[in-house]
Structures are given as C-alpha cells and as structure tokens.
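All remarks here apply to the structure that follows.
Bear in mind that the values in this text are calculations on the coordinates, not laboratory data. Keep in mind that what you see is a predicted model, and the values were worked out from it rather than measured. Here the Cβ positions follow ideal geometry from the backbone for every residue, glycine too, while neighbour counts run over all protein chains shown.
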Amino acid sequence: MHYAVLNGRVAVVNQLLEWDPKLLDAPNDDGWTPFMVAAQEGDVDVMEALYAKGGKKLLTETFNFGRTPLHCAVFNDQPAAVSQLLEWGGGALLDIVKRGGWCEPYISATPWELAHKYGKQEIIDIMKPYKRINIARNCYLFMRALGEAA
C-alpha cells in the first residue's frame, strides 16, 4: 500500500483498499499510515482516495509523539496538501500540538508554529484564514519563553 501511495497510484490504492480495508490504517516500519505518507508527499489525488474511505478520523491520526498529517505536509513544504487538509478539517488542525520526539524542531509544536519556525510563507498564507486565537497555547508559549530567558 505504501509503495502505491508513494508513487501516486490512485487506482492501485483503491484496489488494495477494496481487497483489504484494514490497509487504510496499516503503518509502515516507521509508523506512518498511507494517509500520512500521501500528505508528506503532497499527493492530493491519493489523499482524496484515502479520505473517501477513512473520513475525518484520518485528519487527526498521530504517530511519533503526536505528529499529524498536517505536521507532515507543513514540514515537507506541501502547500496543496496543507490546503486540502485544512479544507477538510478546518482551523482546529492548526492547534494540534506534537509533543516530544527525537529532534528539537518538533518539540511541542503546532503546524502553525512549524510553518513560522521554518519561514514557510506560502504555507503560512494558506493557513491564515483558518487560524484561530488559542489563548491557552499563547500563554503557555509566553511562560516558556520567560523561563528560557531567566
């Protein structure tokens, strides 16, 4: 399944899901589901085929300390995927915090924060209409910054 997703083979993805619907949620060796791989690769056609079978639950599935498909699309600079994910899931997806992990850039970061950290202006522009004010998150970040400055 993951090979078909990586290579943009929508017909193969659909056929595999017809044969075995459990493949929709099957992780690869790194814990990535097919939908996460499609988001990372920016393949909206494959994302649409998978979303048609799995629906909204795919938008908030997580792996590796809370990374979501939107985190994957943002980090890998996939504007079409970011746009499609936000169209399906709305601004709430921008507030999902990825916690911990093996590398510093992902520690406690929302997709919005990742886009800003790496200066992904095209992605930021896509996100802006969906961004809500998250007072609790803003207070947390402010207090963390104060602690680091001390």
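In this structure, the residue pairs whose Cα-Cα separation is over 21 Å, taken from LYS22/LYS56; LYS56/LYS120; LYS57/LYS98; LYS57/LYS120, are LYS56/LYS120; LYS57/LYS120. Between amide H atoms placed 1.01 Å from N, distances below 5 Å from LYS98 occur with ALA109, THR110, all of them 5 or more places distant or on a separate chain. Assuming R0 = 25 Å, can you tell me the calculated FRET efficiency for the pair ASP77 and GLU18, based on Cβ-Cβ distance, to the nearest 0.05? It comes to 0.15.
In this calculation the C-beta distance from THR60 to LEU6 is compared with R0 = 22 Å, giving a FRET efficiency of 0.45. Between ALA52 and LYS128, the C-beta separation translates, for a Förster distance of 30 Å, into a calculated FRET efficiency of about 0.60.
Using the Cβ of ILE124 as centre and a radius below 12 Å, the other residues enclosed give a net charge of 0, where K and R count +1 and D and E count -1.
Each residue of the stretch 113-121 is assigned a 3J(HN,Hα), and the resulting list reads 5, 4, 4, 6, 4, 9, x, 8, 4 Hz, derived from the Karplus form 6.51 cos²θ - 1.76 cosθ + 1.60 (θ = phi - 60°), x at Gly and Pro.
By the beta-carbon count within 10 Å of each Cβ, the least crowded to most crowded order of LYS120, LYS22, fewest first, is LYS22, LYS120.
Put in line by how crowded their Cβ is, counting other Cβ atoms within 10 Å and starting with the fewest, HIS116, HIS2, HIS71 read HIS116, HIS2, HIS71. Using the Cβ of GLU48 as centre and a radius below 14 Å, the other residues enclosed give a net charge of -1, where K and R count +1 and D and E count -1.
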